[in-house]
Amino acid sequence: MEAKIVLITGASSGIGEGCARKFAKEGWNLILNARTVSKLEELKVELEGAYGIRVYILPFDVRDRKSAVVSLESLPEEWKAIDVLVNNAGLVIGVDKEFEGSLDEWDIMIDTNIRGLLAMTRLVVPGMVERGRGHIINIGSIAGDAAYPGGSVYCATKAAVKALSDGLRIDLVDTPLRVTNIKPGMVETNFTVVRYRGDKEAADNFYKGIRPLTGDDIAETVYFAASAPAHIQIAEVLLMPTNQATGTISYKKKPE
Ligand code: 8X3
């Protein structure tokens, strides 16, 4: 295969789906990961048809280490030389105080956002080092820069993504590999519905009066980092809506 290969985790919606569309449009072949296969199959048909690229579906839960190992080992030879790993799979559940929330829900966040990302990195990066070529793009968050009310554990997971990105960049400093941490602010995706435990109205209200970013907006920045000349390492990007200033300060127009 001539075209470059990108592996995207959490590719069935939001930022991950946006990245799938963007890389496909730019002629890359895609390995798409998510827990459920049906949306990935739809994307495969759509993107192969629209852009003449190839899509390989690799469904597993990044929290399930055994499945991750088996799935990556099962990749056909022509799909093994991954050029870019987009560690996007991640979630937030709930807006509870740190002394009140559910330990089980927090485990899901920690296992996905930190342990899942780390497992993917551990599994994919050795091959990149061997080939002397590769780029790891982690989807962090503005939430990793400072804690905010009701976000304690989620913010901690994204602070971990920053530390893991910085640490990996240090560990790879004597190689041609690059590491990028993309830190979005408000993005309107299903992510917020999950944050409010399925309450679509609460999620919609969150964005009232402000124009949030979209998964496609973030994908443009991910692709910008991936397509930068080889001597440029875009280490971090913090991007947010024009009317957002920090994780807690934004301007929302009042309804007239
Ligand atoms: C999600 C962005 O602003 O909800 O990572 O923390 S925010």
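Read-outs: derived from the displayed coordinates by stated rules, not from any lab. It should be emphasised that the depicted structure is a prediction, and the values quoted were computed from it without experimental measurement. Glycine gets a Cβ as well: all are built from the backbone with ideal geometry, and neighbour counts include every protein chain shown.
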In degrees, nearest 10, range 0 to 90: what is the angle between the Cα axis of helix 215-226 and the longest Cα principal axis of the chain?
40 degrees
Using Cα atoms only, what is the angle between the long axis of helix 117-131 and the major principal axis of the chain, expressed in degrees (0 to 90) to the nearest 10?
30 degrees
Cβ-based net charge around Lys183, under 14 Å, with every Lys or Arg adding one and every Asp or Glu removing one
-2
Value of relative contact order over the stretch 1-159, rounded to a whole percent, pairs C-alpha under 8 Å and six or more apart
22 percent
Counting pairs of alpha carbon atoms under 8 Å apart in space and at least six apart in sequence, what relative contact order in percent does the stretch 147-244 give?
35 percent
Of the cross-linked pairs Lys200/Lys254; Lys97/Lys162; Lys22/Lys252; Lys25/Lys80; Lys4/Lys66; Lys44/Lys97, which ones have a Cα-Cα span greater than 32 Å in the structure shown?
Lys44/Lys97
Using Cα-Cα distances under 8 Å and only pairs 6 or more residues apart, what relative contact order does the stretch 81-219 have, in percent?
28 percent
Using only the alpha carbon atoms of the stretch 31-141, find the Kirkwood hydrodynamic radius as the inverse mean reciprocal pair distance, in angstroms to one decimal.
15.5 Å
Restricted to the chain, the DSSP antiparallel beta bridge percent, nearest 5, is 5 percent
Quick P(r) readout (the stretch 194-256; Cα-Cα; 5 Å bins; whole %) gives 4, 13, 18, 18, 19, 12, 8, 5, 3, 1, 0
Tell me the angle of helix 14-25 to the major Cα principal axis of the chain, expressed in degrees between 0 and 90 and rounded to the nearest ten.
40 degrees
What percentages, rounded to whole numbers, describe P(r) for the stretch 112-256 computed over all alpha carbon pairs with 5 Å bin width beginning at zero?
2, 9, 16, 20, 20, 13, 9, 6, 3, 1, 0, 0
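Between rounded, prolate and oblate, where does the stretch 143-200 land on the alpha carbon gyration tensor, with a ≥ b ≥ c its root eigenvalues, rounded for a/c under 1.5, else prolate if a/b exceeds b/c?
On the way: a/c = 3.56, a/b = 2.21, b/c = 1.61.
It is prolate, given that a/c is not under 1.5 and a/b is the larger ratio.
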Distance between the stretch 194-256 and the stretch 71-122 - C-alpha centres, whole angstrom
20 Å
Could you point to the residue in Thr157, Pro229, Val124 farthest towards the positive end of the chain's charge dipole, with +1 and -1 charges on the Cβ of Lys/Arg and Asp/Glu respectively?
Pro229
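Ratio of alpha-carbon Rg to the 2.2 N^0.38 Å globular estimate for the chain, to two decimals, please. All intermediate terms of the calculation are to be shown ahead of the outcome.
On the way: Rg = 17.8 Å, N = 256, 2.2 N^0.38 = 18.1 Å.
Normalised Rg, Cα atoms only: 0.98.
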